[in-house]
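The values are calculated or read from the model by the stated rules, or taken from the named source; none is laboratory data. The structure displayed is predicted, hence computed values, not measured ones. Note that we place each Cβ from the backbone using ideal geometry, even for glycine, and neighbour counts take in every protein chain shown.
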Amino acid sequence: MSAKDLLDTIRVESPCEVSWDSMIGNDQVRFCEHCNLTVNDLSQLTRKRALRLVRASKGRLCVRYHRGRDGSTLTRSAPQKLYRIGQRASRIAAGAFSATLSLCSASAHAGNIASTMNHSNAAAVSQDPARQLYLGATIVGTVTDPNGAVIPGATIFLSNEQTNLSMATSSNGDGEYRFEGLDVGRYSLRIEAPGFAPVDLTSTYVGANATQRLDKQLEVASIEESVDVTAGERRELVVMGGAMMAVEPSEPLVKAAREDELQDVLALLTRENVNVRDQATGTTALEQAIQNGNREMVQALLSTGADANSRNESKQTALMMMGEEVTADIVWDLIHSGAKVNLKDGDGDTALMEAAMVKNIAVLNALLQAGAKLEERNDAGQTALMWAASNGLMKNVRALIAAGADINARDKEDKTPLSYAKENDHDKVVKLLLSYGAVELVQVEPK
């Protein structure tokens with residue numbers, strides 16, 4: 001069984017009969033009030049993106065998917081938008097997660113995603129100890145979903161209404177965020193999270209040495225579009241309640257790596273099996289170790305002869321699988337073992353493009369330092385900067401621009417990084433791109 005068949009191995013013990021149309025949300029993510037779970041529609045993603053979402057789940061994943069006549073899981077052949085799918089689900093779903101699925105990944109570590117920014121030039125929060133002592137205002141809060149479950153990875157934008165100084169952070173694994181060392185004054189706050197409607201607060205006053213707590217509950221985003229199902233071409237199955245399951249790796253070495261058991265990997269590891277690709281999941285031990293962010297295991301596999309340029313069914317290499325848990329040291333371990341930085345996968349994406357959509361600036365910078373080409377384009381004509389802008393990752397956008405990325409590059413649909421930022425409602429990224437000289441596209445009506 002090939003790597004791409006991982007999606008086809010999903011099986012359902014007790015599917016839920018709740019109608020997709022009865023749920024609140026958008027074309028990709030909706031909320032099932034009956035099960036109190038977030039449901040992802042795999043058919044709205046390309047196969048590669050759907051695989052990333054499934055593999056990034058540590059437990060049961062609640063999904064909607066379509067089966068073809070041959071029993072395969074149908075996915076979108078080409079992306080209509082660049083979507084961020086790497087965010088972890090809210091604790092509503094996390095509470096239902098278990099080892100039944102146990103797909104490979106470690107929990108995300110939330111961190112700041114943007115440095116401070118002004119209208120026309122960057123500005124930093126004062127680091128003067130005396131100023132922080134007497135003007136060290138703080139804003140904290142917790143982001144939750146409609147059921148009161150926390151939302152990790154939400155993006156929180158804060159702006160001083162007097163100075164226009166703006167900054168951003170993200171909620172941690174407990175849904176909490178914090179801004180410290182703030183000047184006294186009035187602030188506006190905006191909270192965004194994939195699948196949820198954004199929330200805006202204005203004119204919140206915070207005084208010297210004071211802590212203002214702003215807990216907010218996000219509502220599931222309204223429905224944007226519906227999915228048409230053509231009779232005879234595919235059949236629809238909606239899975240809720242964490243009932244989705246996938247097969248275990250059949251290769252002992254790959255299974256041990258997936259379970260992050262270093263001693264078991266060392267006991268099983270030989271030069272003969274180090275590059276074995278598991279037939280059930282289509283993965284290697286090296287890919288599993290990288291997705292777990294286990295450098296010691298990665299080094300052991302590489303030193304035994306693991307191929308740093310081995311490709312899966314999507315033609316992705318290990319360098320294209322860098323998640324939020326991976327350190328820059330792992331990137332350099334792969335490169336020193338012969339990993340080629342500018343290889344392309346089946347969609348024409350490079351490791352830099354993949355890293356551009358992940359909240360891991362250390363990996364992005366390491367790839368840039370290793371010679372990753374900024375202006376490489378995938379089959380849709382998209383660049384790394386377009387991916388970063390589409391995902392609203394300010395640090396990634398800044399790093400790519402600083403490295404010389406073309407801020408006004410256009411893809412095959414004539415879209416620019418600014419277009420993608422606007423399309424996905426990343427207002428802070430829009431302002432940043434405009435401050436660097438991004439040009440608005442002018443639509444000319446045909447005569």
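Okay, here's what the table says:
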| read-out | value |
| --- | --- |
| Count of the stretch 11-45 residues which are part of a strand (DSSP E or B) and at pLDDT below 70 | 2 |
| Residue identified as in contact (Cβ under 8 Å) with a residue 60 or more places away in the chain and part of a loop (DSSP other than H, G, I, E, B) among Ala372, Ala380 | Ala380 |
| Gly348 vs. criteria surrounded by fewer than 24 Cβ atoms within 10 Å (Cβ to Cβ) and either in a loop (DSSP other than H, G, I, E, B) or among the polar types (S, T, N, Q) (or both) | yes |
| Output for the stretch 191-215, where each listed residue is surrounded by fewer than 18 Cβ atoms within 10 Å (Cβ to Cβ), touching a residue at least 40 places away in the same chain (Cβ under 8 Å) and closer than 23 Å to Met394 by Cα | Pro198, Thr202 |
| Residue satisfying all of: in the stretch 313-332; closer than 21 Å to Ala399 by Cβ and assigned to a helix (DSSP H, G or I); modelled with the lowest pLDDT among these | Met321 |
| Condition met for Ile407 (crowded, with 16+ Cβ neighbours inside 10 Å, part of a helix (DSSP H, G or I) and more than 17 Å from the chain's Cα centre (by Cα)) | no |
| Hey, Arg271 at pLDDT 85 or above and either surrounded by fewer than 20 Cβ atoms within 10 Å (Cβ to Cβ) or of a type in the set (Phe, Trp, Tyr) (or both) or not | yes |
| Test for Ser337: is it among the hydroxyl-bearing types (Ser, Thr, Tyr) and at pLDDT 95 or above | yes |
| Subset of the stretch 369-404 [more than 18 Å from the chain's Cα centre (by Cα) and closer than 23 Å to Arg49 by Cβ] | Ala372, Lys373, Leu374, Glu375, Glu376, Arg377, Asn378, Asp379, Ala380, Gly381 |
